[in-house]
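FYI, it's all coordinate maths here, none of it is from the lab. Remember, it's a predicted structure, so these values are computed and weren't measured experimentally. Here the Cβ positions follow ideal geometry from the backbone for every residue, glycine too, while neighbour counts run over all protein chains shown.
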Amino acid sequence: MKFIEGTRVTTDGELQANNITRYHVTKYYRDQISDSGHYEQLKHIVEPSVEEFETRGSLDTSGEHDNTVVLGLQHKYARTGLLLVTDRCASYCRYCFRKRIVGKESDEIAPDFAKAAQYIRHHPEMTNVLLSGGDPFVLRTAKLNMILDHLLPIRHLESIRFGTKMMAFEPKRFDDSALPALFQRIHEAGKTSIIVTHFDHIGEISVDAERKVRSLRAQGVQFLNQSVLLAKVNDDPDILAATFAKCHQIGVRPYYLFQGRPVKGASHFQVPLRRGVEITRGINQRLSGIEKTFKYIMSHYTGKIEILDLGDDGRVYMRYHQNKVPEKIGRIFSRPHVEAACWLDDLPEG
Ligand code: SF4
């Protein structure tokens with residue numbers, strides 16, 4: 001098998017034992033990153049590295065298993081349901097935090113959307129559902145419509161979100177002539193369609209992606225973007241500021257910049273918190289007020305934690321952006337900083 005560092009002879013058993021995600025990249029994305037002028041950074045997103053055999057961590061860093069209420073449906077935060085609709089993506093990111101699922105025959109994908117909908121119907125506090133996986137746009141539009149058959153009649157759902165990297169991997173997926181009717185259905189059901197794109201780097205935002213985003217926005221679809229802070233890829237305030245400014249320009253609101261998670265086989269992508277705070281400051285110094293709409297977030301087992309700053313007192317200041325316990329949301333807390341710490345669990349209490 002080819003790795004960034006060179007060819008290595010391996011067996012299927014060794015790959016499985018080390019949870020090495022399958023290698024697959026669309027021709028579109030390969031051409032895009034080759035022509036982007038940023039190949040040396042972007043290759044790390046999709047090209048395997050031998051480091052994947054060595055880096056330690058967990059395969060479920062944010063407690064997805066513990067928050068699964070019906071097979072394939074997670075309910076961690078009161079107002080949001082997360083529905084795993086597929087274990088496939090158009091290409092596979094080497095840093096994916098769902099390595100345990102993607103590119104495999106996973107038994108965590110929702111097998112029965114009627115059951116998931118039944119749970120949602122009994123939870124009126126849930127106002128939005130996020131379709132994720134995997135990438136929902138690998139599914140045929142007819143299958144997406146079938147999933148919506150179950151969700152759209154639920155009156156208390158206000159929005160349907162699609163988490164997808166397809167706008168980077170294969171923007172032509174959005175040329176499908178059946179898609180406008182799908183978004184129209186969501187609109188006519190009184191709900192908002194939101195596509196959460198996943199651009200980590202300005203070199204991923206192709207001319208085709210820009211064209212498709214603009215066309216879908218004209219159809220009433222809202223756009224947010226989430227990025228992951230990744231060593232060797234985008235750990236540079238110039239790159240991330242340019243990425244967020246470009247998102248803003250095409251009408252995609254920068255939403256989350258995720259701290260890389262300590263995922264087995266992917267924690268070599270983590271950037272130390274000290275550097276992450278410096279980068280976040282640098283991004284904010286380069287953007288206008290209307291462009292800096294992102295939060296620097298650690299998606300931890302206990303909740304989504306906004307990383308605010310590393311103070312002169314040597315403490316990392318954070319705030320719960322989301323928590324299962326509503327009283328904890330918005331609460332600022334701090335922990336002593338430890339050099340090279342990348343995650344809350346690396347910081348001692350006290
Ligand atoms: S597209 Fe998303 S789910 Fe798929 S491999 Fe990349 S990060 Fe993981």
Sparse-neighbour loop sites [GluC sites (Glu not before Pro); the stretch 268-350; at most 12 other C-beta within 10 Å; DSSP]: Glu339, Glu349
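Considering only the chain, what is the antiparallel percent among its DSSP beta bridges, to the nearest 5? Intermediate results must be reported in sequence, preceding the final value.
Working: 22 of 50 bridges.
Here the antiparallel bridges make up roughly 45 percent for the chain.
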Could you pull out every one of the lysines with an alpha carbon less than 23 Å from that of Lys99, ignoring same-chain neighbours closer than 8 positions? Lys2, Lys27, Lys43, Lys76, Lys165, Lys232, Lys264, Lys304
The alpha-carbon pair-distance distribution computed for the chain, with 20 angstrom bins and whole-percent values, is 29, 62, 9
Using modelled backbone amide H atoms (1.01 Å from N, in-plane), which distant-in-sequence or interchain residues come within less than 5 Å of Thr192's amide H? Ser159, Ile160
In whole Hz, with x marking every Gly and Pro, tabulate ³J(HN,Hα) for the stretch 142-157 from phi via Karplus 6.51 cos²θ - 1.76 cosθ + 1.60, θ = phi - 60°. 4, 5, 4, 5, 5, 5, 5, 3, 7, 8, 5, x, 7, 5, 7, 7
Environment charge at Leu15 (Cβ cut-off 10 Å; Lys +1, Arg +1, Asp -1, Glu -1): -2
HN-Hα J couplings of the stretch 221-230 from phi, Karplus 6.51/-1.76/1.60, θ = phi - 60°, integer Hz, Gly and Pro as x? 7, 8, 10, 10, 10, 10, 10, 10, 6, 10
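So what's the net charge close to Glu64: Lys and Arg +1, Asp and Glu -1, counting the other residues with Cβ under 11 Å from its Cβ?
Details: positive: Lys76, Arg98, Arg100; negative: Asp60, Asp66, Glu108.
It works out to a net charge of 0.
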Hey, what do the phi angles of the stretch 312-323 turn into as Karplus ³J(HN,Hα) couplings, whole Hz, using 6.51/-1.76/1.60 and θ = phi - 60°, x for Gly and Pro? 5, 7, x, 10, 8, 9, 9, 8, 6, 7, 9, 7
Dipole of the stretch 2-346 [Lys/Arg +1, Asp/Glu -1 at C-beta], most positive-end residue of Ala266, Ser58, His123: His123
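Considering only the other residues whose Cβ falls under 11 Å of the Cβ of Ala242, what net charge follows from Lys and Arg at +1 and Asp and Glu at -1? Working shown, then result.
Details: positive: Lys246, Arg286; negative: Asp236, Asp238, Glu291.
Here the count lands on -1.
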